[in-house]
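Heads up: the structure comes next, in C-alpha cells.
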C-alpha cells in the first residue's frame, strides 16, 4: 500500500532511509513529497508551472525543465529528462544543455527531436505516440496529448505531442503534458501518481480535469500547469483520488 511522507532529504548516496530498509542511490538535497512504494521511495520536487523532478530507486527524472538552471541547483542531477513538446514553457534547449550530466538521456516527441541542437540529438531517444522505450530500468510509454475543443485545436494538434506513463516496478506515474480530457487519459488504469494540467485556453478547465481524473482514478493527483485557474476548485470536484499541491507558482 502506498503511503506518503514529507521530508527534507539530506542523505548521501548509499545512506539507508525508511528505517534502514531502503537505499537511495543518489544524494537528495531538496524538500519534496515522498511516497513509499514496495520498490522504494519516490520523491516529487515541483519546480515551476510544468517542470518537476522525480527521484526513484532507479534514478532521477526531470520533466519539461525550462527556465534558469539555478532553479535546479539544489536538486539531484537528472539521469533522464522527458520533454513533452516544443512550447517554451516545456522546452528550452539552453536549459537542457545546462542540466545535462555526462550520461543524461533525453526522451522527446518527434517535433522536439527534430529541433534539438546537434549536441543534444546524440543524447535523445525520440518517441511518437504509442511508442515505448526503457531508460535506467524504467519503462516509458509515449501516449497522446492533444486538444479536442474546436477553438483550442491550434495549440496542441492530435498526434504531435506526448504525455508519458512511467513504469516504476509495479507502480505507474502519468505525466499528461498539455492536453484536454482525451479518451486515452480516461482509459488509463493502475496509475499511482498523475500530473494533470488545467490552463485555459491551452489545455482544459477544472471541470474537464476533474471529470477525467474521476474516470481513471489515480491514487494521487497533482494539478500542475494551472496558471489562471484555481487548483482548489479542481480538488473539490475530485472524488476518488488524493489531491496533492506543489509550489508551482511561488
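The values are calculated or read from the model by the stated rules, or taken from the named source; none is laboratory data. None of the values given here were measured: they were computed from a predicted structure. Note: ideal-geometry Cβ built from the backbone for every residue, glycine included; neighbour counts use all protein chains shown.
Of note:
- Members of the range 93-126 that are surrounded by 16 or more Cβ atoms within 10 Å (Cβ to Cβ) and in a loop (DSSP other than H, G, I, E, B): 100, 104, 109, 116, 123
- Filter pass, residue 196 being buried (at least 20 other Cβ atoms within 10 Å of the Cβ), without any contact (Cβ under 8 Å) to a residue 60 or more places away in the chain and assigned to a strand (DSSP E or B): yes
- Test: residue in the range 170-177 that is free of Cβ contacts under 8 Å to residues at least 24 places away in the same chain and either under 13 Å from the mean Cα position of the chain (by Cα) or at negative phi (or both): yes
- Some residue of the range 166-180 being in contact with a strand residue (DSSP E or B) (Cβ under 8 Å, 6 or more places away or on another chain), buried (at least 24 other Cβ atoms within 10 Å of the Cβ) and more than 20 Å from residue 230 (Cα to Cα): yes
- Against the numbered list (1) touching a helix residue (DSSP H, G or I) at 6+ places or on another chain (Cβ under 9 Å); (2) surrounded by fewer than 19 Cβ atoms within 10 Å (Cβ to Cβ); (3) over 12 Å from residue 83 (Cα atoms); (4) modelled with pLDDT of 95 or more, residue 129 comes up short only at (2).
Each row is one residue, and each column tells you yes or no for (1) surrounded by fewer than 17 Cβ atoms within 10 Å (Cβ to Cβ); (2) at pLDDT 95 or above; (3) assigned to a loop (DSSP other than H, G, I, E, B); (4) touching a helix residue (DSSP H, G or I) at 6+ places or on another chain (Cβ under 9 Å).
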| residue | (1), (2), (3), (4) |
| --- | --- |
| 4 | yes, no, no, no |
| 7 | yes, no, no, no |
| 44 | no, yes, no, no |
| 60 | no, yes, no, no |
| 84 | no, yes, yes, yes |
| 91 | no, yes, yes, yes |
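- Taking the criterion of being buried (at least 19 other Cβ atoms within 10 Å of the Cβ) and within 13 Å of residue 109 (Cβ to Cβ), the residues of the range 132-144 that qualify are 140, 142, 143, 144.
- Within the range 148-169, one or more residues are under 29 Å from residue 40 (Cα atoms), part of a loop (DSSP other than H, G, I, E, B) and over 15 Å from the mean Cα position of the chain (by Cα).
- Subset of the range 206-222 [farther than 15 Å from residue 244 by Cβ and either crowded, with 24+ Cβ neighbours inside 10 Å or in contact with a helix residue (DSSP H, G or I) (Cβ under 9 Å, 6 or more places away or on another chain) (or both)]: 206, 207, 211, 212, 214, 215, 216
- If you filter the range 145-158 down to residues that are in contact with a strand residue (DSSP E or B) (Cβ under 7 Å, 6 or more places away or on another chain) and in contact (Cβ under 8 Å) with a residue 24 or more places away in the chain, you find that the one that is surrounded by the most Cβ atoms within 10 Å (Cβ to Cβ) is 145.
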